[in-house]
Amino acid sequence: MNIENEMSYGNDYNYIPATSIASGLGLEVQPDVYCHTIQIVNICLVGDSKSTDFVLVDAGMPESADEIISVTENRFGAGSRPRAILLTHGHFDHVGAIIELVNHWKIPVYAHELELPFLTGKMSYPEPDPSVEGGMIAKLSMLFPNEPIDLGPHVQPLPNDGTVPHMPGFRWIHTPGHTPGHVSFFRDADRTLLAGDAFVTVKQESLYKVLAQEPEISGPPRYFTPDWDSAWASVRKLEELQPAVAVTGHGLPMAGTLLADNLRKLVNEFDRIAIPDFGKYVPDRKQ
């Protein structure tokens, strides 16, 4: 069977014309961790740029495969390909180009086992909430793709022992709330955190702040987060690791005392900073 026929996007997967001033820009966060912004979302290439042993973390926006391949080859050389794609979760802006990338590179995908139903065509995520408090992007979220994609046998569960395939030194940490199987990746040696959308460094609901990439630690994107109690517990878990640098799914990387102070404040004031005052997934105690 042709590999293309084994995988499919949801019928609602379309290009989303959203962008930011950081779109197309890359930043070497660590010698072996490179962050690149695709419109409004970040991907990471993890591995020594002088070797062929590297991975891609998350897979960008719809119709971004050519850009991701170009960024990869610019960093690792013509014809280079990652050993695997590691997913923090399966929302459309983190898997938007994944089928084209798997077809091009012929590599496996790994995600938490609780995320697999959303990546194998079995379940849709809860619908985005355009009524949630926050701003213009929240109101536009009704237009975002939400039908499940189907990667078939090309997606595998992450190992139960917490190790991350082809990312030596990193471990995966279950950080649910934004999605049931959301994970973050952490390297104890230098306290590097790839947080996905467990928390972000821009107020993702605000069109102005997304466009300007104004730095501001916030909880996960409000319009796509159905479980705020779990999301708070996940942020608490990550803050306890005392990360030295964090790359999040949206916004610019953050490091040092700025990260530590803001992450501590987010934990202590999560109900005020992160949890919206109204919306269909907001806990009763807030409404």
Once amide H atoms are built 1.01 Å from N in the peptide plane, which residues 5 or more positions from Asp197, or in another chain, come under 5 Å H to H? Gly249
Please turn the phi angles of the range 20-29 into ³J(HN,Hα) values with the Karplus equation 6.51 cos²θ - 1.76 cosθ + 1.60 (θ = phi - 60°), one per residue in order, whole Hz, x for glycine and proline. 8, 5, 8, 4, x, 9, x, 9, 7, 7
If every Lys and Arg gets +1 and every Asp and Glu gets -1 at its Cβ, then about the Cα centre the range 96-248 yields a dipole, in debye to the nearest 20, of 260
Can you give the calculated 222 nm mean residue ellipticity of the chain, where each DSSP H run of n ≥ 4 adds -39,500 (n - 2.57) and the sum is split over every residue, rounded to the nearest 500 deg cm²/dmol? -6000 deg cm²/dmol
Calculated from the structure, Cα extents along the principal axes in Å equals which of [x] 125, 52, 43; [y] 51, 41, 38; [z] 78, 53, 37? [y]
Roughly what % antiparallel, to the nearest 5, for the DSSP beta bridges in the chain? 70
For Gly96, what is the net charge nearby, where nearby means another residue's Cβ is under 10 Å from its Cβ and Lys, Arg count +1, Asp, Glu -1? -4
Karplus-derived HN-Hα couplings along the range 239-246 (A = 6.51, B = -1.76, C = 1.60, θ = phi - 60°), whole Hz, x at Gly and Pro: 5, 5, 6, 6, x, 8, 8, 10
Among Ile98, Ile137, Ile217, the residue with the largest mean-square fluctuation in a Gaussian network model of the chain built from Cα contacts under 10 Å is Ile137
Expressed in whole Å with the largest first, what are the equivalent ellipsoid semi-axes of the range 1-95 derived from the C-alpha gyration tensor as the square root of 5 times each eigenvalue? 22, 18, 11
Note on the range 158-287: the mean projected area of its alpha-carbon convex hull, in nm², is 7.9
Share of Cα-Cα pairs in the range 81-223 lying beyond 24 Å, as whole percent: 35
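Laboratory data are not the source of any read-out in this text; all were calculated from the coordinates shown. Given the structure is predicted, the values throughout are model-derived calculations rather than measurements. Cβ sites come from the backbone with ideal geometry, for glycine too, and all protein chains shown count toward neighbours.
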